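J.: Sending over a structure as structure tokens; questions will come in a sec.
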Amino acid sequence: MVTEGDGDARRRRGRLVVAGAALAAVAGAGAVSVARGGGPPPGPGVTGIPVATTTVVKTDLSDTVTLPGTLGFGAARPLRGAGTGLVTRLPKPGATTVRGRPLYWADDRPVAVFYGDTPLFRRLGALGARGRDVAVVADNLRALGYAPGSAPVRSWSPAPQGTPAPPGEVFTASLRAALKRWQQDNGLKPTGVLDVGQAVVFPGPMRVDAVKAQLGDPVAGEILSVTRTAQVVTVPVETASAGTIRRGAKVRIVLPDGRTAGGTVTAVARTAQDAADSSGQSQTRLDVTVTPAKRIKGLDAAPVEVRFTSALRRGVLAVPIGALLALREGGYALQTPGGTLVAARTGMFARGMVEVGGPGIAAGLKVVTSS
């Protein structure tokens, strides 16, 4: 602790307002640089200048950046129909797909939804056919309660000719019987044959984003576009700054009406894209995907802001930046209302506050400030 005489203390208080104002002006740059020391003595009346005080507090400091983003359901993917015929019924935007249920109708026949990883690329119905597409049909019939018989065969196995057989299931008589039962229950002719275009395959539940076709259009064209069902916020981030954002980081989403919601960074794109900033200059950016903790009700799409925290200090002692006094001999100090200078170590600067520490500095200590 540094103690000064009354006269010296009065002169230091007279210079404190100027020093504190300068500190606050440069704090946004992340550094404080104000020299103290000699100079002419204060003029008349300086000793009577009132000073403001503040208190050292124990708090959490965080360094945050707020970036604009867009609430939606992520990138849409197009769905093209297959086969022949005309589109006779279409879903509404916002509808969610359901396994085994129709998505649209071609020639007034329903085109159902299956979930899997392989599209139906050929006519299925011949006994003994094997492949991943057969496994998709069998898996969906099982999930819908139509037992297709034996368990799937999903590994490569040698054929009699010594060539490897494709992985997947075998189209058996029991599988064909299960397919017939499902077709009959869904208003289709129970043929036990599934043609290309009679079912669409998605990786999981999807949301209809937009309807592209019109009634009467050929089915072999773009029918609609779909997205995932989970809401996400897409935030374009400059490539140079994206490295500070990590998957799993917690963020706050600020909605147009001022409400906030929690969220988590679930993806950081690995492919950069060129985009123009507000001045028209080109910048390279990466898309950061944020998933809200809970569904945001009442909004399907909206401009939002996302607050990212790049640094966090919990339970530290802090004062307003205006209370920090830079010493000519180096270092910083806090000044008590009585004129005593207390040497202070500085840490994180955030939102007008600075982390301080050192002997004699504790929560509740009253110090002089310029703001």
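J.: Under a Cβ-Cβ cut-off of 14 Å, what is the net charge of the residues other than Leu179 that fall near it, where Lys and Arg count +1 and Asp and Glu count -1?
T.: Net charge in that neighbourhood comes out at +1.
J.: Moving on. Would you kindly calculate the translational diffusion coefficient of region 244-302, applying Stokes-Einstein with the Kirkwood radius from alpha carbon pairs, for 20 °C and a viscosity of 1.002 mPa s, and quote it in µm² s⁻¹ without decimals?
T.: Calculated translational D: 161 µm²/s.
J.: Taking Cα atoms of region 250-371, Rg/Rh with Kirkwood Rh, to two decimals?
T.: Ratio value, two decimals: 1.16.
J.: Report the net charge of residues surrounding Lys189, where surrounding means a beta-carbon distance below 15 angstrom and charges are Lys +1, Arg +1, Asp -1, Glu -1.
T.: +1
J.: Can I ask one more? When Lys and Arg each count +1 and Asp and Glu each count -1, what net charge do the other residues less than 10 Å away from Thr59, Cβ to Cβ, add up to?
T.: +1
J.: Write down the Å³ per residue value for the convex hull defined by the alpha carbon atoms of region 166-296.
T.: Looking at region 166-296, the number lands at 255 Å³ per residue.
J.: Cα-based Rg (one decimal) and Dmax (whole number) for region 284-336, in Å?
T.: Cα radius of gyration and Dmax of region 284-336 are 20.9, 59 Å respectively.
J.: Please compute, over every Cα-Cα pair in region 71-114, the percentage with a separation greater than 17 angstrom.
T.: More than 17 Å apart: 38 percent of the Cα pairs in region 71-114.
J.: Of Lys58/Lys297; Lys58/Lys250; Lys250/Lys297; Lys212/Lys297; Lys92/Lys250; Lys250/Lys366, which sit over 31 Å apart, Cα to Cα?
T.: Lys58/Lys297; Lys92/Lys250; Lys250/Lys366
Read the figures in this text as sums done on the coordinates, not as results from a lab. Just so it is clear, the model here is predicted, and its values are computed rather than measured. Note: ideal-geometry Cβ built from the backbone for every residue, glycine included; neighbour counts use all protein chains shown.
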